[in-house]
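J.: First the structure, which I've put down as structure tokens, then a few questions once you've had a look.
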Amino acid sequence: MTETENDPGYSPDPLKKDALYQGPDKFSPIPLSVSSPKINPIDKRLLKATAFETMQYQANQQIQMLKKQADLLIEQARLIEDRLIISRKIYEADINFEPIIGTVYHVYEHKGKTILSLVAPEEWGKKQAYETHMCSARLLADKSWELLK
């Protein structure tokens, strides 16, 4: 006795011996009469291709977003490295006072020496005390220097 024979709605039908579907009519995957609801077969190749295309599009979107984030992180790391190089050069300069956080200072070169000063190039008047103004920088809270444009 098979499982379908245990079903109360099952009755052996001699006409179904050669049929594609042998089970109860209510579970048929194909319409068995004109009044049966329309059953559209699924194109499995199209379904798989569409699913794969959608998955690939979403994965590429996420990869592009991660690449942008990585580029941003690399740029931020480069800026920190630049700030470190500038800070090292400024700390190697001749400093005759204790710099205060948040204050703008000016770096000059005079007779081969680097000098840190509070006086801006335009504040010197007609005669500058130092040969070359190299840059202006602000001391940050982490004791690194931010180069001002």
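Rule-based calculations on the coordinates, nothing more; no lab input. None of the values given here were measured: they were computed from a predicted structure. Note that we place each Cβ from the backbone using ideal geometry, even for glycine, and neighbour counts take in every protein chain shown.
J.: Just wondering, is there one or more residues in region 128-144 that are surrounded by 15 or more Cβ atoms within 10 Å (Cβ to Cβ) and aromatic (F, W, Y)?
T.: Taking every residue of region 128-144 in turn, at least one turns out to be surrounded by 15 or more Cβ atoms within 10 Å (Cβ to Cβ) and aromatic (F, W, Y).
J.: What are the residues in region 94-127 that are of a type in the set (G, A, S), within 26 Å of I80 (Cα to Cα) and loosely packed, with under 11 Cβ neighbours inside 10 Å, if any?
T.: G102
J.: If I filter region 105-149 down to residues being small (G, A, S) and not in a loop (DSSP other than H, G, I, E, B), which single residue comes out as nearest to A93 (Cα to Cα)? Reasoning before the result, please.
T.: Initially, region 105-149 is screened for residues small (G, A, S), giving 112, 117, 120, 125, 129, 136-137, 141, 144.
Now drop any that are not not in a loop (DSSP other than H, G, I, E, B), which leaves 117, 136-137.
Working: S117: 10, S136: 13, A137: 13 Å.
Only one residue tops the list, namely S117.
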